[in-house]
Ligand code: ATP
């Protein structure tokens, strides 16, 4: 594969449109897990999950344009691009190849990813890029893949990819890939504290198992209760009640993320002291998520986080956000 990383000064969006006049761009959202309940370690090495996804308004943009030669040519712009693989390991490139294979054609595509979702930040940016690549390549190639088939391809690529296609809010069960859309009755205001550097999702799961073993409860599927969605949480989403949602947010990976990155405790405390209704680690971290009562409170919490030095930057946004969308 041909690959090149752009410099950090090549700003998201501007670079991609200038370079790819004939291209198709998909915008894809990040997610926060408002409930992430992790079951015991199964014999196949995976954990069962009760996972409530909420799409939030931080986006990557994936542009697909004709490469003029067989294969996938990949470029990336934005912050932290040095941590984004530019080879076969990139989920967006894998998505393009999978779609091409399914339609029995050569990929022949130049993919440009304008990254704004924190890399390895627990917000499923790589999965979002895969969803964006599926949608953008399908439009570019005119392959008209039915949405149900795109979702099936997304599930082959990773358990968080189908959600990035559909957005909104959804309950994920199994390994997260069995999705049930959820009703959301209002707009929620969030602040995300982006950390310097990422955390590896597999190592956070390993740390979760280690902490369970050392607490004496055991980490296997026989010793951990079967994960179930919280009725209070689903109710809070349905009614759009931020205070009730704040009371029911849970993340079973939080202790593991904090154990691997103890400084996250300071980040979480800073947002709580500044008036957030709730603070939690986003997915496997290290991004921290703060639910606030309104937009004004979100600005106050973000300002406190930015002034504290306990994160690289704090971003305000709202949820739910739509899934992958062609621009
Ligand atoms: P996960 O979805 O595993 O919870 P995450 O949200 O913490 O991950 P991602 O930004 O998706 O973080 O990146 C996880 C890893 O996936 C990266 O460290 C990188 O090696 C790999 N990766 C593959 N494709 C991409 C991509 N398009 N953008 C970012 N990372 C990618």
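Cα axis of helix 147-157 to longest principal axis of the chain: angle in degrees, 0 to 90, nearest 10? Helix 147-157 and the main axis of the chain meet at about 70 degrees. When the chain is treated as a Gaussian network with alpha carbon springs shorter than 10 Å, the biggest mean-square fluctuation among 159, 297, 263 belongs to 263. With the cut-off at under 18 Å, measuring from each backbone N in the range 241-269 to a point 7 Å along the Cα-to-Cβ line of residue 214 picks out 252-265. Note on residue 307 and residue 144: the model spin-label points, each 7 Å out from Cα along the C-beta direction, lie 5.8 nm apart. The simple Förster model, with R0 at 22 Å and r as the Cβ-Cβ distance, assigns residue 259 and residue 196 a FRET efficiency of 0.75. With a ≥ b ≥ c taken as the square roots of the eigenvalues of the C-alpha gyration tensor of the range 188-319, please select rounded if a/c is under 1.5 and otherwise prolate if a/b is larger than b/c or oblate if it is not? Here the range 188-319 falls in the oblate category.
Residues 290, 53, arranged from fewest to most other Cβ atoms within 10 angstrom of their Cβ, appear as 53, 290.
For the pair residue 244 and residue 152, label points projected 7 Å from Cα toward Cβ lie 3.8 nm apart. Treating each Cα of the chain as an identical point scatterer and ignoring solvent, apply the Debye formula and state log10 I(q)/I(0) at q = 0.14, 0.16 Å⁻¹. Debye output, listed in q order: -1.08, -1.35.
Mind pulling the per residue volume of the convex hull built on the Cα atoms of the range 3-181? Å³ is fine.
Numbers: hull volume 19.8 nm³, N = 179.
Convex hull of Cα atoms, per residue: 110 Å³.
Spacing of the modelled spin labels on residue 187 and residue 232, each 7 Å from Cα toward Cβ, amounts to 2.8 nm. Sorted fewest first by neighbouring Cβ atoms within 10 angstrom, 115, 31 come out as 115, 31. Between 114, 304, 131, the residue with the greatest mean-square fluctuation in the GNM of the chain (Cα pairs under 10 Å linked by springs) is 304. Using 0.36 nm per residue and subtracting the Cα-Cα separation, the extra length available between residue 88 and residue 103 on full extension is 3.5 nm.
Values in this text are rule-based calculations from the coordinates and carry no lab data. Computed from a prediction, not measured in an experiment: that's the story for all the values here. Note that we place each Cβ from the backbone using ideal geometry, even for glycine, and neighbour counts take in every protein chain shown.
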